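Student: To start, I am sharing the structure in question, which I have written as structure tokens.
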2 protein chains.
Amino acid sequence: MTKVILGMSVSLDGIAGGQSADADGWAIHQAILGWQFPLRSWRQAMGQEGGEDSVDSREWADSFARIGPQVVGRTMFDFGYPHWGENPPFHAPVFVLTHRGQDRIGKEGGTSYSFVTDGIKAAVEQARAAADGKDVLLAGGVSIAQQALAAGLVDEISLRIAPVVLGRGVPLFGASQADLRCVHAVQGEGAVHLRYEVRITRPAWSAKVPAAIA
Amino acid sequence: MTKVILGMSVSLDGIAGGQSADADGWAIHQAILGWQFPLRSWRQAMGQEGGEDSVDSREWADSFARIGPQVVGRTMFDFGYPHWGENPPFHAPVFVLTHRGQDRIGKEGGTSYSFVTDGIKAAVEQARAAADGKDVLLAGGVSIAQQALAAGLVDEISLRIAPVVLGRGVPLFGASQADLRCVHAVQGEGAVHLRYEVRITRPAWSAKVPAAIA
């Protein structure tokens, strides 16, 4: 059965990215994601040769193998689109949550970009409908993550924790609230890999009114 | 050789405690620490019978066995003192960092409370001098943790991550910055147990001036 997985890399203090696209934002991006770039599995998904075979590489490959469609935010799309190229690393439909609708873009290798203007729930539903037995990945940014948690749409949280405390940047969870159950914890060379089943999420800032998912 | 260990329990979003001592503060305290109270090893340290033998209990016991003197903040001391009783769970010298000096208090079972008024560095030095081959634990609160990290006094960070996202409360790390290396990651029933060697800490808010420890 298709699960909706919130999957992101964060620092040990829960930072998912920089505040801005300047040099410090780039340093934060590198600190959180730098461990991933040398991995054989990651390079393979990017269409590159070589790379390190390691616990991190195998963890990354195992996760990626489960993933079908992805949901991403507009900022992430605008930032990534020029880099993802004509044969993007998704190899599956990507649903971009945006206020500005536009026509679907088809790419090589199974990737397409569809633009969803009627909210996170609709975006997740469209991704689910295209999943064909695979899981749906909510890949970022932080706004997508927090909206999906608040709406009770997340089945699993998959975190890669980079070994750094940043003390600045954008926290992944913000005011989100959730009760979880850890189902996977593996120490890699570059990151700790944690997977949590989501048991209950509560609307942000209203701890007194728990709302069961499922 | 004696190491200085910052050891605390936090939520997955890095919250170490509540903002206040009201009902919500208590709920946060329970969410972060509730997994610990049924453990056999924890109950034993508290002078209580029974409890669960589990991965969490063994992890807690292994950590506790390494610990000699502890350094705690004044707020934590004032909050805990009435509960810790005549035979407190520390069984070692405790150094309380405070602005209000007072005479040393001796208790049964090896615990004593000494009050240090000349800063975190002096408190850690006094604890080190009393360690007798064991490690020094910085047990909280958040202010002790952040002061010690900023001063480059921490050798290892030992976190128990409770399976909850709180979305409110006091973050452990605040503006702290550090480069780490994970040396231990174990999935327990109630918490994930992570240990990190501290490689470099940087003064908070000044990322451009790294300062090597050691």
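Student: Using the Cα atoms as the points, what is the convex hull volume per residue of the range A:4-212 in Å³?
Tutor: On the way: hull volume 26.3 nm³, N = 209.
Given the Cα convex hull of the range A:4-212, per-residue volume reads 126 Å³.
Student: Considering only DSSP beta bridges where both residues belong to the protein assembly as shown, give the percentage that are antiparallel (nearest 5).
Tutor: Close to 50 percent.
Student: Below 8 Å, C-alpha to C-alpha, sequence gap of six or more: please give me the relative contact order for chain A in percent.
Tutor: In percent, rounded to a whole number, it is 27.
Student: In whole Hz, what ³J(HN,Hα) sequence does the range A:37-49 give by Karplus (6.51, -1.76, 1.60; θ = phi - 60°), x for Gly and Pro?
Tutor: 4, x, 6, 4, 5, 5, 4, 4, 4, 7, x, 10, 7
Student: A follow-up question, please. Within the range B:13-135, what percent of beta bridges assigned by DSSP are antiparallel, to the nearest 5?
Tutor: In the range B:13-135, DSSP labels about 15 percent of beta bridges as antiparallel.
Student: Ok, one more. If amide H atoms are built 1.01 Å from N in the plane of the peptide, which residues on other chains or at least 5 residues away come under 5 Å of the amide H of B:Val71?
Tutor: Under 5 Å from the amide H of B:Val71: B:Phe95, B:Leu137, B:Leu138, B:Ala139.
Student: Which aspartates and glutamates does A:Lys3 reach when only Cα atoms under 20 Å apart count, and residues fewer than 8 places away in its own chain are ignored?
Tutor: A:Glu59, A:Asp62, A:Glu125, A:Asp132, A:Asp135, A:Asp155, A:Glu156, A:Asp179, A:Glu197
Student: While we're looking at this one, here's another question. Need one number: nm distance between label points at A:Asp62 and A:Thr117, each 7 Å from Cα along Cα→Cβ, rounded to one decimal.
Tutor: Inter-label distance under the simple model: 4.3 nm.
Student: Considering only DSSP beta bridges where both residues belong to the range A:4-212, give the percentage that are antiparallel (nearest 5). Kindly include the intermediate steps, with their values, before the conclusion.
Tutor: Numbers: 22 of 46 bridges.
Percent antiparallel among DSSP bridges in the range A:4-212 is about 50.
Student: Also, I was wondering about something else. Based on other C-beta atoms within 10 Å, arrange B:Met76, A:Met8, B:Met1, B:Met46 from fewest to most.
Tutor: Details: B:Met76 19, A:Met8 22, B:Met1 6, B:Met46 16.
Lowest count first: B:Met1, B:Met46, B:Met76, A:Met8.
Student: Determine by what factor the alpha-carbon radius of gyration of the protein assembly as shown differs from 2.2 N^0.38 Å, reporting the quotient. Don't jump to the answer; show the numbers that get you there.
Tutor: Values: Rg = 23.0 Å, N = 428, 2.2 N^0.38 = 22.0 Å.
Taking the Cα Rg and dividing by 2.2 N^0.38 Å, one obtains 1.05.
Student: Given only helices, namely DSSP H runs of n ≥ 4 each adding -39500 (n - 2.57), what is the per-residue ellipticity at 222 nm of the protein assembly as shown, to the nearest 500 deg cm²/dmol? Show your work: numbers first, answer last.
Tutor: Values: 12 runs with 118 residues, N = 428.
That comes out to -8000 deg cm²/dmol.
Student: Let me ask you something else. Taking chain A as a Gaussian network, Cα atoms linked when under 10 Å apart, which of A:Val198, A:Val154, A:Val165 shows the biggest mean-square fluctuation?
Tutor: A:Val165
Student: What is the spin-label model distance, in nm, from B:Val186 to A:Val55 if the labels are put 7 Å beyond Cα along the C-beta direction?
Tutor: 1.4 nm
Student: Still on this structure: Suppose we consider the axis relating copy B to copy A; can you name the residue of B with the nearest Cβ and state that distance in angstrom as an integer?
Tutor: It is B:Gly14, 2, counting Cβ atoms only.
Student: Please list, ordered by chain and number, the residues whose modelled amide H lies under 5 Å from the amide H of A:Gly17; skip anything fewer than 5 residues away on the same chain.
Tutor: Those lying under 5 Å, H to H, from A:Gly17 are A:Val170.
Student: With a 10 Å Cβ neighbour count serving as the proxy for reagent exposure, in which order, fewest first, do B:Ile15, A:Ile200, A:Ile28 appear?
Tutor: Fewest-to-most ranking of B:Ile15, A:Ile200, A:Ile28: A:Ile200, A:Ile28, B:Ile15.
Throughout, read-outs are computed from the coordinates displayed, never taken from laboratory work. For clarity, every value in this text was computed on a predicted model and none was experimentally measured. Every residue, glycine among them, receives a Cβ derived from its backbone with ideal geometry; neighbour counts consider all protein chains shown.
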